[in-house]
Amino acid sequence: MSANYKFSLLRASGWTRLGVTGAVAILFATPMLWSLGIFGEGDEALHRGMVFLFAGVWLFMVVGYTLGWAIHGFMVKIREAEEGDGDEQPRRAPPPPPPPVARRPPQH
C-alpha cells in the first residue's frame, strides 16, 4: 500500500520555499531602494536600509516556515492500494458449481 497526502492548497514545504523566495527578493530590493534614496540621505539612510533588510529577511523566513508548519497540521494521510503491491493476497476464483444430481424416476 502507498501513502498519499491530499490537500487543496500548496504543500507545507511550498510555504517555506515561498518564504525563502521573499527573503531573497528583500536581499535584492534593499540595495535598489537605498540607491533610489527611499531611506533618506547620509548615515541615517544606511541605518534604515539595514533595518529594512534584516527585518524583511526575518519576516519572510519566519512567516514562510510557520505557515508551512501550521498547514502541515491540516494534512490528512490517505492510503490507497496499488496493483502489484504484494501486500494483499490474490483473490481466489469462486469454486465451480456442483455437478447436477441425477434423479432416478420414482418407483411404484
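The values are calculated or read from the model by the stated rules, or taken from the named source; none is laboratory data. Remember, predicted model here, so these are calculated numbers, not experimental data. All Cβ positions, glycine included, derive from the backbone under ideal geometry; neighbour counts span all protein chains shown.
Taking the stretch 24-45 as the range and being within 22 Å of Met61 (Cβ to Cβ) and either among the polar types (S, T, N, Q) or surrounded by 10 or more Cβ atoms within 10 Å (Cβ to Cβ) (or both) as the test, the residues that pass are Val24, Ala25, Ile26, Leu27, Ala29, Thr30, Pro31, Leu33, Trp34, Phe39. Looking for something of a type in the set (D, E, K, R), under 39 Å from the mean Cα position of the chain (by Cα) and at pLDDT below 85 - is there at least one such residue anywhere in the stretch 70-77? Among the residues of the stretch 70-77, at least one is of a type in the set (D, E, K, R), under 39 Å from the mean Cα position of the chain (by Cα) and at pLDDT below 85, which makes the answer yes. Name the pairs: first residue in the stretch 16-35 and closer than 13 Å to Phe52 by Cβ, second residue assigned to a helix (DSSP H, G or I) and among the β-branched types (Val, Ile, Thr), Cβ to Cβ under 6 Å, at least 6 apart or on different chains? Final answer for the pair search is Ala23/Val57; Ile26/Val57.
Which one of the conditions (1) out of contact with any Ser or Thr (no Cβ under 7 Å at 6 or more places or on another chain); (2) at pLDDT 85 or above does Phe52 fail to meet, given that it meets all the rest? If we test Phe52 against (1) out of contact with any Ser or Thr (no Cβ under 7 Å at 6 or more places or on another chain); (2) at pLDDT 85 or above, just (1) comes out false.
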